[in-house]
Amino acid sequence: MSGLRRREVLGAGLIAGTLPLMPPAVARTASDVEESPLLHGLAPRDDTPWALPQHDPSRLLLDEGWRFHEGDVVVPPPASHHETYLSVKAGNARGAAAMAWDDSDWPVVRVPHDWASAQPFVREANVSQGYRPRGIGWYRRTFRLAEADRGKRLELQFGGVATACQIWINGSLVARNSSAYNAINIDITPFARFGEEDNVIAVRVDADALEGWWYEGAGIYRHVWLARRSGVSIATDGVHCDPRLVDGRWWVPVTVTLESVEKLARTVTVTAVLRDGAGREVARGEAHAQVEPLGRAEARVTLEVGNPALWSVETPTLYEVEITAGHLDGMDLRRVPVGFRTIRFDAEKGFFLNDKPVKLKGVCLHQDHAGVGVAIPDALLAWRLARLKDMGCNAIRCSHNAQSEAFYALCDRIGFLVMDENRVFNPAPENMAQLEWLVRAHRNHPSIVLWSVFNEEPMQGTTQGVEMVRRMRAAVRALDDSRPVTAAMNGAFHDPVNVSQVVDVVGFNYYPGDFDRFHAEHPDLPITSSEDTSAFMTRGAYASDPAGHVITSMDKEAAAWGATHRDAWREIARRPFVAGGFVWTGFDYHGEPTPYDWPTISSYFGIVDLCGFAKTAYDIRRAQWIDDRPVVGIAPHWTWPGREGQEIELLVTSNAGRVRLRLNGRVVAEQDCDPIMGATVRTIYEPGVIEAEALRGGEVVARAIHRTAGKPVALRLTPTRKSLRGDGEDVAAFTVDCVDARGLHVPTADARVRLGVVRGTVLGLGNGDPNSHESEKGNERSLFNGLAQVIVRADAGEGSLAVEASAPGLRSARASVPVRQVSPPPALAAALPRIVVADWRCSPAYAERPDPALRPADGDNNLWAFVRTPWVAADDTQPGWRILRGVIPARRALATRGGQLQFDRVAGVAELWIDGALAVRKGTPDPAPMTVALKPGAREIALLVRSGPGVPSGIAGAVRVTTN
Ligand code: GAL
């Protein structure tokens, strides 16, 4: 790294892609110069690999067009015996779960959706959930299926709903789910309607139910899909690719679970083809299976691979197994990314990947972000992960629950080692099913190296706890015996009975003082720190102010059970038998405000804040974790008006071994710098340039610089992306900061900024301040210690996404990102609900014309038949009259404006009565349409029809209602 030239670098344009507000600046060209470490990694990036391939091409996205109602919809209980009888019948759900419920005045939302992230902060609301009221909410969505979809297997898939929910399809309750973290997959084939008929999904979400002690959000916060598969298909999560190395050669045993909704047995040919990243075929195999009607069957194929390129953290090479399951009349297909790697936890030497020791340099993550809560767009998730990768992080613990589908796919592609964690510690059937789902859904991901059955359970030192873990471990191993099982313990390590006795790897949450004793007593048990650190920092603050709930970012404060970033890693790094650690936490998260509560609403634990802006911990971790290039960091910034002549303490962090500090060109210190602990230097403040030079062999190999900024004069906007995909899904975050007259970032600016967007939608805003109660929605946000963030989704299609920022007294900024034309993911559009009258009561046949007022007696469930139109009487050998009674669904528009009632075709001589008044007569028996005007509020229909002999009677087509 020799030959680094000293250059004058101006501030504006530091973040490439920003519209120049200042005179043109010299662009940064050498990656080993860290100009203003406060802006680490915020420059626009090329596409991170977030646009994930369709692993299941049968799926259609159902993200758009949901009607949302905040609050419960309470309807009175059934009043009569008859209503009660009907209310418990299939398809007859009541209230907002009913097909016919009028949702026309519910706002339309798009999922991922987290209604809690739009809530104000309320002192009485739950502290752990970040003082945000959550409550109950309802969602509804109407869609139609083509006639050609009859006979297919139709599965509705929710990636995640926070928290407990009930789901109805066409008025039948099809799922009750208690966890926010597992996918909900529902076979809706028997309920589905085709052609002109509506299908209605209704979801009641109870977000008052808690599963965690952190912010969990509220609503349908992950994607929703409809899988439309052939009658014999590959089950969801029904492919298990399990690469194995045997005698120096790789094999992929592939197990495929097939299922059938068909009426006949089928012989299915299953083909598995392994392809490399360039699409070249590497191996192929075939098997056959017989699948009985409504049955399941397994097919097994083993692919001989030989010596593939291995998957690793540095080179996460992925292959793909394409599986087809076909018979004469149908075919289903799945693509499963796979990676070839060996993993091993060694009790003496820690973790090995491909037989090489790799220390787990990990972070724990919750799944929320500023502005959007838990409804994180995939592109934002990719950016979050890229931030961690840049820092040298190589491992992530999913604390304390499964993350989204995209998360694991991204970890495979970016190269993270993942500890995947189960939420509820309980082997009862419902929770065991959640654990089994976790393993089945994720076991093909090469990134996952460890399953965790719990986090910190008070029963960890009891016989009951041991029995529970024993069962849960067995359930995991039955589905995947290729990875060890752990449990994140926070004590009981030395108790006579404790769960370390029944896991493969012991997880230590904190308690570094017990590493050595435990290892000495159990020399054959591998251990890892599963959680550590819990240090506190407010991003951009360099002095603590307990009264203001501000904590210095100089790595001085930590929870009583935790340690600073430097102390925590020192304990882990120096013990080879500790496989690694997982910092609590990578990102700040809403909720669990510690050590302060109200008005503090989020955590201080993150290495980066809620927006992903770097705290000093980011530099500390870079020095500790990056080993393939020299890095250096320096804190605090160098803008301290009024502190001239006073001593300032600096923390210099570097992996180079030695650092030199220059103030305005003069060397003010040179000393050794421990990569873990950094170097503390004190110097007298004078405005200008402070530089930290990292030295190796006397040569400068990296440099970090802060410059004293003047007063803010202009705003600046910097997108996180160089270009966006015009698929209607892609998202960029824009960093908002202020620059001074020379174009330098002003780290103390706190302007309140108003934002405007062209060809996009603001999804949310943030600034990383744990004490801010500003709304995370809307178009205004204050900078906090110099920074704010706006998250924007680009409109579909080619063009340019532009964001404008303005604030009183500052020059405005504008930044744009080109948006490329790409096809949107396949989606099933929401349909406008049609008002139909489909369910009727039909009287017995009467020889004489009956009184149109005749109706079934309360309690008569049998004499008057229940019929669903189209319906025509089959017994027309004798002339006779029947009455068909139906009810017009309640609709606000109908009640106020009236409308029309249209029968496609009525067969037989007929009289139509509405609310006891004759509306129209049909004198001829041939099937013909009937249309009448409806007065506002019209409800009851009585259709008298006369049949036979040989003349059918009834309602031969659809019955529609339109409103005026
Ligand atoms: C741990 C716990 C985490 C978080 C953390 C805060 O005990 O596992 O979820 O609460 O403490 O320090």
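The values are calculated or read from the model by the stated rules, or taken from the named source; none is laboratory data. Everything numeric in this text was worked out from a predicted model, so none of it was measured. Methodologically, a virtual Cβ is constructed for each residue, glycine included, from the backbone with ideal geometry; neighbour enumeration extends over all protein chains shown. Surface accessibility is based on the protein's heavy atoms, side chains included, excluding ligands, DNA and RNA. Shrake-Rupley method; radii C 1.70, N 1.55, O 1.52, S 1.80 Å.
See the values below:
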| item | result |
| --- | --- |
| Any hit, segment 466-485, residues being within 16 Å of the ligand (Cβ to nearest atom), open to solvent by less than 10 Å² (accessible area, probe 1.4 Å), under 17 Å from N431 (Cβ atoms) and modelled with pLDDT of 95 or more | no |
| Residue within segment 657-679 that is part of a loop (DSSP other than H, G, I, E, B), among the hydrophobic types (A, V, I, L, M, F, W, C), open to solvent by less than 10 Å² (accessible area, probe 1.4 Å) and farther than 19 Å from R703 by Cβ present | no |
| Qualifying positions in segment 682-703 - open to solvent by less than 60 Å² (accessible area, probe 1.4 Å) and not in a loop (DSSP other than H, G, I, E, B) | T683, V689, I690, E691, A692, E693, A694, L695, V700, V701, A702, R703 |
| In segment 391-406, residue farthest from the ligand (Cβ to nearest atom) [restricted to those that are over 30 Å from T653 (Cα atoms) and part of a loop (DSSP other than H, G, I, E, B)] | S404 |
| From the options A382, A409, residue that is in the same structural domain as A614 (by TED's automatic domain parsing), away from the ligand (no atom under 16 Å from the Cβ), open to solvent by less than 10 Å² (accessible area, probe 1.4 Å) and more than 15 Å from S530 (Cβ to Cβ) | A382 |
| Count of segment 596-611 residues which are touching a helix residue (DSSP H, G or I) at 6+ places or on another chain (Cβ under 9 Å) and either of a type in the set (G, A, S) or within 11 Å of the ligand (Cβ to nearest atom) (or both) | 1 |
| Test result for V505, more than 27 Å from Y618 (Cβ to Cβ), in contact (Cβ under 8 Å) with a residue 12 or more places away in the chain and aliphatic (A, V, I, L, M) | yes |
| Residues (touching a residue at least 40 places away in the same chain (Cβ under 8 Å) and more than 15 Å from Q646 (Cβ to Cβ)) located in segment 674-687 | P675, I676, M677, G678 |
| N126, sole failed condition from (1) in contact (Cβ under 8 Å) with a residue 40 or more places away in the chain; (2) of a type outside the set (A, V, I, L, M); (3) open to solvent by less than 20 Å² (accessible area, probe 1.4 Å); (4) in a loop (DSSP other than H, G, I, E, B) | (3) |
| Single unsatisfied condition, S447 versus (1) within 25 Å of the chain's Cα centre (by Cα); (2) within 16 Å of the ligand (Cβ to nearest atom) | (2) |
| Positions within segment 495-546 being aliphatic (A, V, I, L, M), in contact with a strand residue (DSSP E or B) (Cβ under 6 Å, 6 or more places away or on another chain), within 30 Å of T748 (Cα to Cα) and within 16 Å of the ligand (Cβ to nearest atom), in sequence order | A535 |
| Flag for G581 being outside any loop (DSSP other than H, G, I, E, B) and within 16 Å of the ligand (Cβ to nearest atom) | yes |
| Count - residues of segment 637-656 that are open to solvent by less than 50 Å² (accessible area, probe 1.4 Å) and more than 20 Å from D567 (Cβ to Cβ) | 6 |
| Yes/no for R575 being open to solvent by 10 Å² or more (accessible area, probe 1.4 Å), assigned to a strand (DSSP E or B) and more than 16 Å from the ligand (Cβ to nearest atom) | no |
| All positions within segment 193-224 that are part of a loop (DSSP other than H, G, I, E, B), away from the ligand (no atom under 16 Å from the Cβ) and open to solvent by 10 Å² or more (accessible area, probe 1.4 Å) | R193, F194, G195, E196, E197, D198, D208, A209, R222, H223 |
| Strands (runs of 3 or more DSSP E) enclosed by segment 281-355 - at least 2 residues per element that are open to solvent by less than 80 Å² (accessible area, probe 1.4 Å) and touching a His at 6+ places or on another chain (Cβ under 7 Å) | 330-338 |
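Residues checked against (1) assigned to a strand (DSSP E or B); (2) more than 16 Å from P870 (Cβ to Cβ):
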{"residue": "F903", "(1), (2)": "yes, no"}
{"residue": "E911", "(1), (2)": "yes, yes"}
{"residue": "V920", "(1), (2)": "yes, yes"}
{"residue": "V932", "(1), (2)": "yes, yes"}
{"residue": "P936", "(1), (2)": "no, yes"}
